[in-house]
């Protein structure tokens, strides 16, 4: 498997798997809006997206992850938010997520980030085990809250 950084040329390859990711979390597919969303992120350089590609077939996307930059006022350093990660159903149990996260971790180091953050649903035991096996720890210092804006 090869891990590469996505560009605008990868939108047609990425969008179907991004739609499946959204559906996994109970959202409606909205393929056109999903593609437009990804295009904006890439065009404006607002996120970094890594793709896991099959070694022999560049048109076979195994998985992706998307990271957003943030900053820590307390440490005065960059933080990367691992906002999205998804592995195609037929590519699971092949360490795709591990490879994507290792690439993200390398990028975080190269950009002198103090940490990466990730969230997942409370009942996603598989993702939690993957994150913990790579070295993520549950935050016990800060409790996170969400304020929905309607």
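One table, with the values for the structure above:
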quantity: Failed item in (1) farther than 15 Å from residue 82 by Cβ; (2) loosely packed, with under 11 Cβ neighbours inside 10 Å, with residue 135 passing the rest; calculated: (1)
quantity: Residues (touching a helix residue (DSSP H, G or I) at 6+ places or on another chain (Cβ under 8 Å), part of a helix (DSSP H, G or I) and within 20 Å of residue 124 (Cα to Cα)) located in region 21-41; calculated: 22
quantity: Any hit, region 108-121, residues being more than 12 Å from the chain's Cα centre (by Cα), in a helix (DSSP H, G or I), more than 16 Å from residue 66 (Cβ to Cβ) and modelled with pLDDT of 95 or more; calculated: yes
quantity: Qualifying residue in region 42-60 (condition: within 15 Å of the chain's Cα centre (by Cα), part of a helix (DSSP H, G or I) and without any contact (Cβ under 8 Å) to a residue 24 or more places away in the chain); calculated: no
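The values are calculated or read from the model by the stated rules, or taken from the named source; none is laboratory data. It should be emphasised that the depicted structure is a prediction, and the values quoted were computed from it without experimental measurement. All Cβ positions, glycine included, derive from the backbone under ideal geometry; neighbour counts span all protein chains shown.
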